[in-house]
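What follows is calculated from the coordinates using simple rules that are stated; it is not laboratory data. In this text the structure is predicted, and so the values were computed from the model without any measurement. Ideal geometry is used to build each Cβ from the backbone, glycine not excepted, and the neighbour counts take in all protein chains shown.
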Amino acid sequence: MAGLTGRCLCGAVAYGLTGKPARTTICCCRFCQRATGGAQLILPVAPMSDFHLTRGGAASYTHVSEGSGKAVHLHFCRDCSTRLYMTYARWPDMVGLFGGTLDNPTVVRFDPTTTKQIFVSSARPGTVVLATIPACWDHAARRDGQPEQAFILDRSTVVDELERPG
Ligand SMILES: [Zn+2]
Ligand SMILES: [Zn+2]
């Protein structure tokens, strides 16, 4: 199986992934808004052992998360500044892809069993929370690793129309 491929805007850096991502996070947090310049980050996550650069090399920027206090490394093209992937001090065996860099974005399907929408509470007005995909107001998991209670919508809904319970 060919797996997934992706690249930066200018093409100096390209990557490949053998197999499929283990899961996908759709994140609306402020970190992801700033890092992408968009409303949300679509982040397929895969084992690091499945990931390889096929062209060029990426520069990196290390950001210490205000929430966890742990380092997140953003890997980007030094020519065109596109962010391609993230690695984590907390999960050294995993890589998160900036989904917009995939050559064929349609290969990452939002399967309800492997996809989560998180930080809905930070979503900018007009962001759509997708039906059938578990969603969390903040993190998907608490600090102690226990999963947060997720909600699942029957119909895709603009975040402005949702009311946080409690
Ligand atoms: Zn580039
Ligand atoms: Zn985020």
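General remarks:
- Charge dipole of the range 69-155 (Cα centre as origin; +1 on each Lys and Arg Cβ, -1 on each Asp and Glu Cβ, all else neutral): 200 debye, rounded to the nearest 20.
- Distance from the range 104-155 to the range 17-58 (C-alpha centre basis), Å: 15 Å
- Counted by Cβ distance under 10 Å from Thr115, the other residues give a net charge of +2, where Lys and Arg count +1 and Asp and Glu count -1.
- Judged by the ratio a/c of the largest to the smallest principal axis of the C-alpha gyration tensor, the range 1-58 counts as oblate, that ratio being 1.5 or greater while a/b is no larger than b/c.
- Shape of the range 50-125 from the C-alpha gyration tensor: oblate (a/c of 1.5 or more and a/b not above b/c, with a ≥ b ≥ c the square roots of its eigenvalues).
- Counting Lys and Arg as +1 and Asp and Glu as -1 over every other residue whose Cβ lies under 14 Å from the Cβ of Val95, the net charge comes to +2.
- Of the trypsin sites (Lys or Arg not before Pro) found in the range 108-158, those that fall in a DSSP loop while having at most 15 other beta-carbon atoms within 10 Å are Arg109, Arg142, Arg143, Arg155.
- Net charge dipole size for the chain [Lys, Arg +1 and Asp, Glu -1 on Cβ; Debye, nearest 20]: 340 debye
- Cα gyration tensor, the range 1-127 - rounded (a/c under 1.5), prolate or oblate: rounded
- Interchain or long-range residues, amide H under 5 Å from Phe110's placed H: none
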